[in-house]
1. To the nearest 0.05, how large is the calculated FRET efficiency for Ile202 and Ser232 if R₀ is 30 Å and r is the Cβ-Cβ distance?
2. Sorted by accessible area (1.4 Å probe), largest first, how do Leu147, Leu244, Leu164 line up?
3. Bin by bin, in steps of 5 Å, what percent of the Cα pairs in the stretch 179-245 do you find, going until the bin that has the longest distance?
4. Give me the distance in nm between label points sitting 7 Å out from Cα along the Cα-to-Cβ direction at Asn257 and Ala148, one decimal.
5. Leaving out ligands and nucleic acids, note down the accessible area per residue over the stretch 179-245 with a 1.4 angstrom probe, in whole Å².
6. Mind listing the phi-derived Karplus ³J(HN,Hα) values for the stretch 191-198, rounded to whole Hz, using 6.51, -1.76 and 1.60 with θ = phi - 60°, and x for any glycine or proline?
7. In whole Hz, what ³J(HN,Hα) sequence does the stretch 180-189 give by Karplus (6.51, -1.76, 1.60; θ = phi - 60°), x for Gly and Pro?
8. Quick check: residue separation of Ala63 and Met192 times 0.36 nm, minus the Cα distance between them. What number comes out in nm?
Amino acid sequence: MTEIPEHLRKRAEEARKKAEAKKAGGGDAAPAAEGAPADAGAAPAASAGDSRIPAHLLERSRAAKERAAGGGAAGGGAVATAEAPAAGAGGGGVATAPAPVATGPGGHTQRLLTVVKSGSIQDVKATPQDKVHTWPHLLAVEFVAALALTAFLFVFSVFVNAPLLTLANPNQTPNPSKAPWYFLGLQELLAMFHPMVAGVTIPGVGIFLLILAPYIDQNPSNKPEDRKFAVSIFTMFLMFWAVLTMIGSFFRGPGFNFVFPWSEGLFFEL
């Protein structure tokens with residue numbers, strides 16, 4: 001059984017009391033003179049204009065009282081409700097609450113939460129985002145790239161000879177004495193700055209700036225044309241070490257002095 005809310009019940013009782021007060025003041029004299037019986041739903045209907053009770057609730061209350069009055073008459077002369085006064089009586093009886101019914105407006109029996117969309121009573125915070133899983137989308141591409149690089153190195157090693165040098169002779173130091181190509185950039189810095197500056201300060205500042213880069217550039221776009229700051233930082237970092245490596249490889253001669261390769265020759269071995 002569906003129960004009528006308490007605030008609607010109170011408002012209905014107040015509306016009926018107002019209607020009965022109007023009748024007692026002379027509003028029901030004409031119907032009494034004509035001898036027409038009082039309608040069970042007259043009070044709710046009379047107050048429907050100045051009450052805030054929905055019309056379907058008033059209609060449902062009137063129908064319930066009519067059914068109750070009809071059942072009492074069929075049961076053998078039961079006393080009518082206070083809403084239906086006897087013929088010729090000028091005043092009303094004590095107001096009673098309408099009988100609860102099991103159906104809602106229009107005869108529907110669904111619960112309220114089953115017909116209300118969740119968006120109107122809940123704050124949906126999760127929004128769809130354009131993301132993919134690491135596996136297989138990212139790792140599959142990386143695995144294929146690793147296979148392609150391995151195949152390139154294999155073919156390159158077939159056609160390019162890279163023999164090992166002889167054992168190092170402590171009595172014969174090569175001139176110039178160069179580090180492997182991947183350390184030539186650092187060796188070039190050591191030739192121009194103090195070891196503390198070249199080996200600690202400059203690389204440390206570069207690494208610190210790279211750590212701060214994601215906090216400075218918070219652009220969420222994945223397109224290179226939209227990431228101008230990140231692309232600029234990476235380009236400067238790459239070109240800095242690439243230029244130092246090329247200078248140490250091709251422009252340093254005996255004594256690690258600066259030379260031009262097209263005039264003094266090339267002092268570089270793989």
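1. Efficiency, rounded to the nearest 0.05: 0.95.
2. Listed by decreasing accessible area, they come as Leu164, Leu147, Leu244.
3. 3, 16, 21, 21, 15, 11, 8, 5, 0
4. It is 4.6 nm.
5. For the stretch 179-245, the per-residue accessible area is 74 Å².
6. Computed from phi, the couplings for the stretch 191-198 are 6, 10, 10, 5, x, 5, 6, 6 Hz.
7. In residue order, the calculated couplings are x, 4, 7, 10, 5, x, 5, 5, 5, 5 Hz.
8. Net length gain for the segment: 36.2 nm.
The values are calculated or read from the model by the stated rules, or taken from the named source; none is laboratory data. It should be emphasised that the depicted structure is a prediction, and the values quoted were computed from it without experimental measurement. Backbone-built Cβ (ideal geometry, glycine too); neighbour counts: all protein chains shown. Keep in mind that these areas ignore ligands, DNA and RNA; they rest on the heavy atoms of the full protein, side chains included. Shrake-Rupley method; radii C 1.70, N 1.55, O 1.52, S 1.80 Å.
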